[in-house]
Amino acid sequence: MNIATLAVTGLLALAVAGSAVATLARQPAIVATVTAVGFPARHLTTLGVIKLAGAIGLSVGLLWPPLSIAAAVGLVAYFTAAVGMHIRARHGEIAAPTGFLALSVAASVLLIWVGP
């Protein structure tokens, strides 16, 4: 198993799982950010479930690489949309979704070209 792939994928899985828990718990900072970028707060559960599915897919996918690749690419799409929402809303706090996007891209590249 490639150490870089394992490290980046593991870090992404842990970070996204933490974000999913915070989203599902409707932490006030998350609710404020979601509403500030114009996304309906009533869909927070959906966002949390998507993130949790991504984290689980990354983790379980280390045993079956196509699943981790699908999860990483799905998270690239998710966080690309999140960054887009922040830019569209001219919301200044763009570091978190951009960091998640960069980590998702790195995991995708490593999983696809280097392998697990």
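The values are calculated or read from the model by the stated rules, or taken from the named source; none is laboratory data. It should be emphasised that the depicted structure is a prediction, and the values quoted were computed from it without experimental measurement. Positions of Cβ are generated from backbone atoms using ideal geometry, with glycine treated the same way; all protein chains shown enter the neighbour counts.
Among the residues making up region 22-44, a single one is more than 19 Å from ARG90 (Cβ to Cβ) and of a type in the set (Ser, Thr, Tyr): THR23. Does region 47-68 hold any residues that are more than 15 Å from VAL16 (Cα to Cα) and among the hydrophobic types (A, V, I, L, M, F, W, C), and which are they? If the condition is that a residue be more than 15 Å from VAL16 (Cα to Cα) and among the hydrophobic types (A, V, I, L, M, F, W, C), then LEU62, LEU63, TRP64, LEU67 are the ones that fit.
For (1) more than 22 Å from ALA13 (Cβ to Cβ); (2) touching a residue at least 24 places away in the same chain (Cβ under 8 Å), each residue gets a yes or a no:
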| site | (1), (2) |
| --- | --- |
| VAL31 | yes, no |
| PHE39 | yes, yes |
| SER59 | no, yes |
| ALA72 | no, yes |
| VAL76 | no, yes |
| ALA81 | no, no |
| MET85 | yes, yes |
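The rows are residues; the columns are (1) within 19 Å of ALA22 (Cα to Cα); (2) of a type in the set (A, V, I, L, M, F, W, C).
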position: ALA72; (1), (2): no, yes
position: ALA77; (1), (2): no, yes
position: VAL83; (1), (2): yes, yes
position: ILE87; (1), (2): no, yes
position: THR98; (1), (2): yes, no
position: LEU103; (1), (2): yes, yes
position: ALA106; (1), (2): no, yes
position: VAL109; (1), (2): no, yes
position: TRP113; (1), (2): no, yes
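When the residues of region 20-67 are filtered to those that are modelled with pLDDT of 95 or more and charged (D, E, K, R), which remaining residue is surrounded by the fewest Cβ atoms within 10 Å (Cβ to Cβ)? The selected residue is ARG26.
Apart from one condition, GLY99 fits all of (1) assigned to a helix (DSSP H, G or I); (2) in contact with a Leu (Cβ under 8 Å, 6 or more places away or on another chain); (3) modelled with pLDDT of 95 or more; the exception is (2).
Take the conditions (1) under 21 Å from LEU110 (Cα atoms); (2) aliphatic (A, V, I, L, M); (3) under 15 Å from the mean Cα position of the chain (by Cα); ALA7 misses just one of them, which is (3).
Scanning region 79-97 for residues that are within 17 Å of GLY54 (Cα to Cα) and either buried (at least 20 other Cβ atoms within 10 Å of the Cβ) or touching a Phe, Trp or Tyr at 6+ places or on another chain (Cβ under 8 Å) (or both) yields a total of 3.
Can you tell me which residue in region 10-58 is farthest from the chain's Cα centre (by Cα), limited to those that are among the small types (Gly, Ala, Ser) and not in a helix (DSSP H, G or I)? Show your work before the answer.
Step one: filter region 10-58 for residues among the small types (Gly, Ala, Ser), giving 10, 13, 15, 17-20, 22, 25, 29, 32, 36, 38, 41, 48, 53-55, 57.
Right, trim to not in a helix (DSSP H, G or I) and you get 25, 38.
On the way: ALA25: 17, GLY38: 19 Å.
By that ranking, first place goes to GLY38.
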